[in-house]
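Some notes on the structure that comes next.
The values are calculated or read from the model by the stated rules, or taken from the named source; none is laboratory data. For clarity, every value in this text was computed on a predicted model and none was experimentally measured. Cβ coordinates were reconstructed from backbone atoms using ideal geometry, including for glycine residues, and neighbour counts include every protein chain displayed.
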Amino acid sequence: MNTLAYLVPLFPLLGFLVNGLGRKSLSKSATGVIGSGVILASFVVSLLLFFDVKSHGATIATAFDFINGGSFKIPFAFQIDQLSSLFLLIITGIGFLIHLYSTAYMHEEESHHFARYFAYLNLFVFSMLLLVMGANYVIMFIGWEGVGLCSYLLIGYWFKNANYNYAAKKAFVMNRIGDLGFLLAVFWLLSKLGTVTYGDVFANYSKLSSADMTGITILLFVGAMGKSAQIPLYTWLPDAMAGPTPVSALIHAATMVTAGIYMIARSNVLYSHSEVAQNLVAIIGLATALFSATIAIKQNDIKKVLAYSTVSQLGYMFLGLGVGAYTGAVFHVMTHAFFKALLFLGAGSVIHAMHHEQDIRKMGGLKKKLPITHITFLMGCIAISGIPPFSGFFSKDEILAAAFAHNPVYWGLGVAGAAMTAFYMFRLYATTFLGTFRGTHEQEHHLHESPSAMTIPLIILAILSVIGGFVGIPELFVHDGHLLKSFLSPVITEQEHHIEHSTEYVLMGISVAVAAIAILFAISKYSKNPELGEPAGLGKILADKWYIDELYDAVIVKPLDALATFFKNIIEKSGIDGIVNGVGKLVTYSSRQLRLLQNGQVGGYILFMVLAMIVVVLIWVNDGYLYKMFTSLF
Amino acid sequence: MIPLLLILIPLLGGLINFFLKEEKTAKGWALLISLATLAASLAGIAQSGTLSFDAAWLPTLGSSFALSADGMAKMLTLLTAVSFPVIFIATNKNNYKNTSAFYALMLLSQAGLMGVFLSADCLLFYFFWELALIPVYFLCSIWGGERRIAVTFKFFIYTFIGSLLMLGGILYLYFLTPDHSFALKSFYHLHISAKEQNFVFWLFFIAFAIKMPVFPFHTWQPDAYEQSPTAVTMVLSAVMVKMGIYAVVRWLIPIFPEATAHFDNLVMVLAIIGMIYASLIAIRQDDLKRLIAYSSIAHIGLMCAAIFAQNKVGLEGVMIQMFNHGVNVLGLWIVADAIEQQLGTRKFSELGGLAQKAPGLAILLVILAFANIALPLTNAFVGEFLMFNAVFQHNIWMAVFAGTSIILAAVYTLNMVQKVFYGNTVPSTEHAIEAGSNTRAMLIVLVIVIIVLGVYPKPMIDLTNDTVSTILAAR
């Protein structure tokens, strides 16, 4: 199985190279087949690996020594175990559907740009695969920064647009802030344990003092904040929708943002031993879940609503991690991958049909013209709202139950967030698909369902969004029904929590009822009378995202810019340089020879050599006179 | 014999170059000589162990013509030997008045550089140090930009002061040796009192700090880089800054271990301030060449900090980073030169949209840019990983502050990519075309080196292992 593991990242890498180098000669269909085919191949291999892990357990494949420095060795090694094989399936499976969808969605692009797009997409999957397959934190970091690079390239894919470039740069820089935290955690581990290999780190965690443990886990979490868009590093993700829509699906569902969840789930041994870090993770997660949900309520760009909903759902996953429900968080990564990929691709289908219109106020009544998109999108909305038996219900319920056991307040706030989720999703649904069409006649005339390369992925994802939750049926309904938990148990040590069955029924009932009410409210409110005007009051603050971007700009960006300008124009020019030039002028003034140099006639080297020789001769002839003078001085 | 060849080939080749009047012949000859040097360097790498050469030179002074090529010297002479042909080919289309003298001086400077990296005798080291610099004064003051005279003067003042201090230091040590010898070994065996160390240390350190350069001794550099002809700038920043770092590793740390330990925090703080300071200034630059110059200062600052962390992992990082930084910055300068030669401007405000006109150059620059910010699987990541690790081991907070430079590096580097290559075309780039095949070929070579050493850095780390242990054992 060792050699098979190498194939998983190798296929996308190959696709990247072929499409990248052959972008001028390959036809679009060849590009599409290569680009999607390599991911499908990876998926097939991932399936084989998955069943191998299921029956034979984990394996480690070491390719070569990567960095041997100081007293540590960091091998280029892959670890195929329960956690990574599950992520491999999500990444390559969803990834393949997105590639397939892209062949139709991006078809209007010129062929060399089309190839560039697929090359980037393949590289993205490659990086994400490295991230989850690595057997140590440094290989994870390679993938970690790799997905940052690819998101930069893809967000800025239409590079003529300055705003898109700005969004791309913002994504990369914000991620880098997190990456610094990750890197420091790696150094910390190396300095205390001399290794970053998962197996060795987790086996020796008891050698870490509690301060070390807290420091390391918090720094790792800083990394996760950047990659998984948590407060305060979340603002890049909504802007990241500047890229083509399938890219958003890839970033939000299959790759990139799930990396932070993966990292903490992978390090569950460390987190379970640091209460401080766990509480921080839970609080940041919960705060992000609520905060971004409020913003999503007032967004009118179809992709922006989805983007903030991703930030919010990621918050739930971190809440789960923070209260020790690692499996629940991973479970939610999985179900979220299904319905968020579905929703983004569905949004893409709408945008495609609407000729690049993204404002939902100009849509409405699309139900009839886009039947497949409509029904699949509705499935996604129900799934994310947590209505049983759709997939989102199971994973969200698991997180909320664990949160209740930890602290009932967490649960209460979590349910409030879930209500907001149901509300804004159905506001989006009702405004887009129900009511009457509000676009131009031109648009109405051209409204059409998307080609099958786009609808087939939608249908598959819709099915998964509906049934995907059945791998994690709670103990409450079926004894030993949580297949995922038992599968992951070798790598994830769950922090057990106990709630009475009766309590659990009540909690479940409340959260479902609240979501259902929010849905009905949203539909009744927006299907006939969508919000078309500009919001005012609190609505405006929400629509303007609490002015957080402006705040960052005023508090961080502007002062740094001012400091940089001060350094450049004042310190550099008149401070340091002023002194040097002053000395220079003094020398020039008092020295004829140097003035000759300044005229460019005689090289200063002559003077210099002469001076140097005089010094040597002086010392030599006087038999160490100068030396004695020196020593008498000191 | 190989160490001697590494110096003699460019030295004699350079002298001959003065007499080649035909422009094409001069360029061809210089390229031929640089390739011969490269061949000699590769032959040296192929041989294991330390290569030495020793001949009588000034026996009355206790100085001999002693050369020694251990791992670090082999690596740096390789960097020197690789850089020159790459520079010659990439800038082949550039025209200079009095071509033969230009190339002759370039080769003489190369000979000096080789000598610096190979000398095992302090007087010899000093001699080559000057031999490397003097041709650069000429190159900069004769073939430079508008402000060349003033800039060369500043450059000269800085390095002149540094050289004088270093000469004083060398002589001081010389008189301390029992047998009045300039040999590196005699210097290593000196037992210098802590008080003396604390004083003489600075004579050397300032000279090397100017050469690296480390904040606040750096202000000659952006001007010199900007005003020199680009081929000279490439030599300056790809190879010549390594003189300073090399000298700190080879001369300063082993000879003044106590002073190094005494002043380590001071120097590291200066270096880290310099990293942040230079990175911030780079963000505000409107000139491609000056941006690269400040970026380079920030990177060198990290190397300086890592050396003074005085641990194994730091030295290992510095070793490979000396090579990697040379390769990466060379690539950036080649791109800058390609743009300036074609469009006549380096100002961001006058550039934009070049990716549409020169997609090949754009892709290569993007790869170089990400190598410049040390993305994993590029060569710079390995070096920076080891060096940051070293700083972290020394002091966590220093690592945190130094670490902010990786964020700032992303900001200014992506600024550069965006302003030059992305967006819509502007009047000056409307009729731009793809960079010449020479330029692209050299960039592809560098990019391959970047990726190969980024994925598999082991040979490079192994090459300099012997030096790292020698240095650590000597102190």
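Observations, loosely collected:
- The residues listed here are A:G386, A:G380; of these, the one that is buried (at least 21 other Cβ atoms within 10 Å of the Cβ) and more than 20 Å from A:K304 (Cβ to Cβ) is A:G386.
- Considering residues of segment A:457-500 that are in a helix (DSSP H, G or I) and of a type in the set (G, A, S) only, the residue nearest to A:W411 (Cα to Cα): A:G469
- Filter result for the condition that a residue is within 12 Å of chain A (Cβ to nearest Cβ) and surrounded by 20 or more Cβ atoms within 10 Å (Cβ to Cβ), over B:L164, B:L176, B:L105: B:L105
- Residue that is under 22 Å from A:L484 (Cβ atoms), at pLDDT below 95 and of a type in the set (D, E), where the choices are A:D65, A:D81: A:D81
- Output for segment B:154-197, where each listed residue is in a helix (DSSP H, G or I) and over 29 Å from the mean Cα position of the chain (by Cα): B:F175, B:L176, B:A194, B:K195, B:E196
- The number of residues in segment A:508-533 that are in a helix (DSSP H, G or I), out of contact with any Asp or Glu (no Cβ under 8 Å at 6 or more places or on another chain) and not hydroxyl-bearing (S, T, Y) comes to 15.
- Within segment B:416-435, the set of residues being buried (at least 19 other Cβ atoms within 10 Å of the Cβ) and either within 9 Å of another protein chain (Cβ to nearest Cβ) or within 23 Å of B:A298 (Cβ to Cβ) (or both) comprises B:M416, B:V417, B:Q418, B:K419, B:V420, B:F421, B:Y422, B:G423.
- Remark: B:Q356 matches the filter, which requires a residue to be surrounded by fewer than 24 Cβ atoms within 10 Å (Cβ to Cβ) and in a helix (DSSP H, G or I).
- Residue within segment A:40-63 that is within 22 Å of A:G95 (Cα to Cα) and without any contact (Cβ under 8 Å) to a residue 24 or more places away in the chain present: yes
- Residue match in segment B:364-379 (condition: within 25 Å of the chain's Cα centre (by Cα), among the hydrophobic types (A, V, I, L, M, F, W, C), in a helix (DSSP H, G or I) and over 29 Å from A:G143 (Cα atoms)): no
- Test: residue in segment B:96-103 that is closer than 30 Å to B:F65 by Cβ, among the β-branched types (V, I, T) and either assigned to a helix (DSSP H, G or I) or in contact with a Lys or Arg (Cβ under 9 Å, 6 or more places away or on another chain) (or both): no
- Just one of the listed residues (A:G328, A:G322) is of a type in the set (G, A, S), modelled with pLDDT of 90 or more and closer than 15 Å to A:L413 by Cα, namely A:G322.
- If you check A:L131, A:L123, A:L89 for being surrounded by fewer than 24 Cβ atoms within 10 Å (Cβ to Cβ), under 30 Å from A:P490 (Cα atoms) and in contact (Cβ under 8 Å) with a residue 40 or more places away in the chain, only one passes: A:L89.
- Of all the criteria given as (1) surrounded by fewer than 20 Cβ atoms within 10 Å (Cβ to Cβ); (2) hydrophobic (A, V, I, L, M, F, W, C); (3) without any contact (Cβ under 8 Å) to a residue 24 or more places away in the chain, the one not satisfied by A:F202 is (3).
- Scanning segment B:36-65 for residues that are crowded, with 16+ Cβ neighbours inside 10 Å, more than 27 Å from B:F187 (Cα to Cα) and either without any contact (Cβ under 8 Å) to a residue 60 or more places away in the chain or not assigned by TED's automatic domain parsing to the domain that holds B:L105 (or both) yields B:A36, B:L38, B:A40, B:S41.
- Meets criteria (under 21 Å from B:M322 (Cα atoms) and within 14 Å of another protein chain (Cβ to nearest Cβ)) for B:L270: yes
- Residues located in segment A:146-163, provided they are at the interface with chain B (Cβ under 9 Å from one of its Cβ atoms), part of a helix (DSSP H, G or I) and surrounded by fewer than 21 Cβ atoms within 10 Å (Cβ to Cβ): A:A162
- On inspection, A:G509 does not qualify as among the small types (G, A, S) and modelled with pLDDT under 85.
- Selection within segment B:339-353: residues that are within 14 Å of B:K419 (Cα to Cα), of a type outside the set (G, A, S) and over 26 Å from the mean Cα position of the chain (by Cα). The member of this set that is surrounded by the fewest Cβ atoms within 10 Å (Cβ to Cβ) is B:E350.
- Taking residues in segment B:393-406 that are more than 10 Å from chain A (Cβ to nearest Cβ), and partners anywhere that are of a type in the set (V, I, T) and surrounded by fewer than 18 Cβ atoms within 10 Å (Cβ to Cβ), the pairs with Cβ atoms closer than 8 Å and at least 6 places apart or on different chains are B:M398/B:V269.
- In the set (1) assigned to a helix (DSSP H, G or I); (2) farther than 30 Å from B:S64 by Cβ, the condition left unmet by B:I33 is number (2).
- Subset of segment A:55-81 that is part of a strand (DSSP E or B) and of a type in the set (S, T, Y) - its residue that is nearest to the other protein chains (Cβ to nearest Cβ): A:T62
- Listed by position, the helices (runs of 4 or more DSSP H) contained in segment B:229-320 that have at least 1 residues being outside the structural domain of B:T159 (by TED's automatic domain parsing) and under 24 Å from B:V420 (Cβ atoms) are B:257-283, B:288-308.
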